[in-house]
1. Using beta carbons and a limit of 6 Å, which pairs, at least six apart or on different chains, have the first residue in the stretch 230-259 and at positive phi and the second one outside any strand (DSSP E or B) and aliphatic (A, V, I, L, M)?
2. So Ser324 fits all but one of (1) surrounded by 23 or more Cβ atoms within 10 Å (Cβ to Cβ); (2) in contact with a Gly (Cβ under 8 Å, 6 or more places away or on another chain); (3) hydroxyl-bearing (Ser, Thr, Tyr); (4) at pLDDT 95 or above; what number is the exception?
3. With the checklist (1) assigned to a helix (DSSP H, G or I); (2) of a type in the set (A, V, I, L, M, F, W, C); (3) more than 18 Å from the chain's Cα centre (by Cα) in hand, flag the one item Cys43 doesn't pass.
4. When both residues are 6+ apart or on different chains and their Cβ atoms are under 7 Å apart, which pairs have a first residue that lies in the stretch 36-54 and is on the phi < 0 side of the Ramachandran plot, and a second that is surrounded by 21 or more Cβ atoms within 10 Å (Cβ to Cβ) and among the basic types (Lys, Arg)?
5. Looking at the stretch 401-415, can you tell me whether even one residue there is out of contact with any Gly (no Cβ under 6 Å at 6 or more places or on another chain), surrounded by fewer than 13 Cβ atoms within 10 Å (Cβ to Cβ) and hydroxyl-bearing (Ser, Thr, Tyr)?
6. Does the stretch 51-71 include one or more residues that are farther than 27 Å from Gly232 by Cβ, hydroxyl-bearing (Ser, Thr, Tyr) and buried (at least 19 other Cβ atoms within 10 Å of the Cβ)?
7. Quickly run through the stretch 98-133 and pick out the residues that are crowded, with 17+ Cβ neighbours inside 10 Å and small (Gly, Ala, Ser).
8. For the stretch 29-40, name all the residues that are charged (D, E, K, R) and assigned to a loop (DSSP other than H, G, I, E, B).
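The values are calculated or read from the model by the stated rules, or taken from the named source; none is laboratory data. The structure presented is a predicted model; accordingly, all values stated were derived computationally and were not measured. Cβ: placed from backbone, ideal geometry, glycine included. Neighbour counts: every protein chain shown.
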Amino acid sequence: MKRTGTRFRKDRADTHYDVIIIGSGPGGLCNAALLSKLGKKVCVLEQHYTAGGYSHTYERNGYEWDVGIHYVGEVHKPYSMIRRVFDVISDSQLEWAYMDDLYDRIIIGDKTYDYMAGREPFKKQMKEYFPAEAKAIDEYVELLSKVSSLVPRYFAGQALPSKLAGLIYNKARHYLLPDFFFKTTREVLEGLTNNEELIGVLTGQWGDYGLTPKDSSFMMHAMVAKHYITGGNYPVGGSSRISETIIPVIQQSGGNVFTYAGVDEILVKNNKAYGVRLKKGGHEIFADQIVSNAGIYPTYQDLLPEKVAKKNGLLKNLKKLDLSASHVCIYAGFNGTAEELDIPKTNFWIYPDANHDKNVERFLVSDGTGDFPLIYISFPSAKDPAWNDRFPGKSTVEIVAPTNHKWFKQWEGSTWNKRGEGYDELKQEISNTLLETLFKHMPQLREAMDYVELSTPLSTQWFQWNKEGEIYGVDHTVERFKQDWLHPITPVKNLYLTGADIVTAGVGGALMGGVMTTCSMVGWKSYQVMGLIKDIYPTESSQ
């Protein structure tokens, strides 16, 4: 089995580092690699058996699946910010494979709508489906670009000292940005069209950020839609290549990335963080600065001493946020190559109806095995040009659907793979529903299926240490983006946050969280961080 990182042992770790980072997801790894480039000795601690967070892969029965990186936008453009950051933190060792121009297929009932890569091809295709809505489609795509151009202004406070950032959040930002930054997706789109089918198609990627139009921030929706509008990409060699290529950069300045290194508590004295205590053996490691990439809820509720969290009002702040949706996922293996089985690179987004809000409302009053409001199907082995070299004659499929963690609560606290009576029966019923959806759209796969397993929110809790098996941290509502305390700098001296919860969901959001945190940590020297990113491609003509 392919694993990244080094298994923790006391004799492998130093007693003191410049920085300790809890969690090895893309945000933590980005933060660590940038600090390493600036000469800092960093220790990354991961409780799982492999590094990478949601970017790790796992193998079973001769197959490999990614657990979170299904596709990434914009990295095929060398001058894009996300590509620059990836190249800096991996020393340009991370390669990307472009998917087909048809990157997402939206299936609503019996109708199919294709997302074609590029602003103009996307608009042209949408206008063929909705010829009477040409004006609304043009305005929509223009709004995506406007949001993209202004997002740095929105998040500028994340790289500033927290008091100054609070001033910007509370007073200046509403004057600096258009009002659609502070509206829901449905509010903005209903200002463009009253065609529910078109709204349903344009929001067909809502699973990428976990909220339907009536609840999601339009800014969040626009960032995701703009991120993918020029096409999708997949890491050559699989998602584990992300951590595999970043870890050597962290090690260049004497740093380490340890697995099997779950943190029990952040050590704090006189409101100043100075180290961590590990779960295993109570071993303590010290550092000048501590960063948590574990998520805002686990950090404040579980890792900080309760009296410290209460004293700084952190637990009270958490009540202002909701956790994002949990999910189930099928990991299936098939005999035959993608070519032999006619498996596409295109992602499928499957919905019972165009009104995503009502789809979810109906589902939440069911028993959790009925008409899923969304079924997403990804074909990782078809996207990876190096797949056949590693797994000849085989293919993989992943099927993701939202669920409610409460339906699994009776088994909470049980051991992974030993959940007890009723659990396996529920999993089997869900698996059958999801697989039949796959076979409806790709009947040739039925006889080729060789292996299948289903993960639930309890699996996510077990491996990721999430509170309720949530996939995107805290929900991306309009209200979430009003919280000025969601900032890399915490009220506890020398304690910082990084990752998706301080910016946005997805690998791009987590990555930029790593950048913002690094800038906050180095203070007025943040120009050095941005210099690293700028200098990787001094001019766009070098693309």
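1. Gly231/Ala117; Gly237/Ala386
2. Going through (1) surrounded by 23 or more Cβ atoms within 10 Å (Cβ to Cβ); (2) in contact with a Gly (Cβ under 8 Å, 6 or more places away or on another chain); (3) hydroxyl-bearing (Ser, Thr, Tyr); (4) at pLDDT 95 or above one by one, Ser324 breaks only (4).
3. (1)
4. Short answer, once both residue conditions are applied: none.
5. yes
6. No - not one qualifying residue is present in the stretch 51-71.
7. The answer is Ala117, and nothing else.
8. Across the stretch 29-40, the qualifying residue is only Lys40.
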